[in-house]
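K.L.:
Can you keep this structure in mind? I'll have questions shortly.
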Amino acid sequence: MFKITGLDKLTREMDQLAKFATEVDGELASVAFDPTDPGSLETAISEMEAAIDQKAVSYEGNNMVINLVEQIKANLREQILKKAAVARLEGGTE
C-alpha cells in the first residue's frame, strides 16, 4: 500500500490561488501616463506592480500565486506599453 502525503499543502495553495485570482479579477489600479515620457511610463508600471504586490502580500510563500503575480505584471506592463505606443501614433496623451 502507498501513502500519499503533501496533499493538504497542495490543497491549501490551490485554494489560495483561487482566492487571489478572484481578488485580482477586474480593475486593479488606475494609472495615468504620458506616452511620450519613458519616466512616466515606468512610474505607471511601478504603480501597477505595487497594486498587484499589495493584493498578493498575504500569499507570500505560495509559488502558484507568485508565478501568477509575475504573469499578471508582465501582461499589464505589455498592455501599458502597447497603449502608449498607440497613443504616440495617434498623437495623444493618456
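The values are calculated or read from the model by the stated rules, or taken from the named source; none is laboratory data. A quick note: this is a predicted structure, and the numbers were derived from the prediction, not measured. Glycine gets a Cβ as well: all are built from the backbone with ideal geometry, and neighbour counts include every protein chain shown. Keep in mind that these areas ignore ligands, DNA and RNA; they rest on the heavy atoms of the full protein, side chains included. Shrake-Rupley method; radii C 1.70, N 1.55, O 1.52, S 1.80 Å.
K.L.:
Between Gln16 and Val86, what length comes free when the chain is fully extended (0.36 nm per residue of separation minus the Cα-Cα distance, one decimal in nm)? Could you put the intermediate results ahead of the total?
P.N.:
Working: separation 70, 0.36 × 70 = 25.20 nm, distance 3.65 nm.
Length gained, Gln16 through Val86: 21.6 nm.
K.L.:
Another question about this same structure. Rounding to the nearest 10 and keeping the result within 0 to 90°, find how far the Cα-based axis of helix 38-56 lies from the longest principal axis of the chain.
P.N.:
20 degrees
K.L.:
Give the calculated FRET efficiency between Gln54 and Met1 to the nearest 0.05, with a Förster radius of 35 Å applied to their Cβ-Cβ distance. Don't skip to the answer; put the middle values down first.
P.N.:
Working: r = 46 Å, r/R0 = 1.32.
It comes to 0.15.
K.L.:
Note down, for the chain, the three equivalent ellipsoid semi-axes (square root of 5 times each alpha carbon gyration tensor eigenvalue), biggest first, whole angstrom. Spell out each step's value before the answer.
P.N.:
Working: eigenvalues 271, 26, 19 Å².
Semi-axes (√(5λ), whole Å): 37, 11, 10.
K.L.:
Further question on the same structure: Among all the aspartates and glutamates, which ones have a C-alpha under 14 Å from Lys83's C-alpha, if same-chain residues fewer than 8 places away are not counted?
P.N.:
Cα-Cα hits under 14 Å: Asp34, Asp37, Glu42, Glu94.
K.L.:
Here is a follow-up. At a 1.4 Å probe radius, which order do Val69, Val86 fall into by accessible area, largest first? Kindly include the intermediate steps, with their values, before the conclusion.
P.N.:
Details: Val69 10, Val86 75 Å².
Final ranking, largest accessible area leading: Val86, Val69.
K.L.:
Please build a GNM for the chain, connecting alpha carbons under 10 Å apart, and tell me which residue among Val24, Val65, Val57 fluctuates the most.
P.N.:
Val57
K.L.:
Relative contact order for the chain: what percent, with Cα pairs under 8 Å and sequence separation of 6 or more? Mind showing how you got there, number by number?
P.N.:
Numbers: 69 pairs, mean separation 31.3, N = 94.
It rounds to 33 percent for the chain.
K.L.:
Another question, then. Per DSSP H run of n ≥ 4, the term is -39500 (n - 2.57); total these for the chain, divide by its residue number, and report the mean residue ellipticity at 222 nm rounded to 500 deg cm²/dmol. Mind showing how you got there, number by number?
P.N.:
Working: 3 runs with 65 residues, N = 94.
That calculation yields -24000 deg cm²/dmol at 222 nm.
K.L.:
Cross-link candidates for Lys55: which lysines have Cα within less than 20 Å, leaving aside residues fewer than 8 places away along the same chain?
P.N.:
Lys19, Lys73
K.L.:
Helix 7-24 versus the longest principal axis of the chain: what angle, 0 to 90°, nearest 10, using Cα atoms?
P.N.:
The two axes meet at around 20 degrees.
K.L.:
Accessible area of the range 53-94 with a 1.4 Å probe: how many percent of it is carbon plus sulfur? Please list the in-between numbers first.
P.N.:
On the way: 1460 of 2930 Å².
The value for the range 53-94 is 50 percent carbon and sulfur by accessible area.
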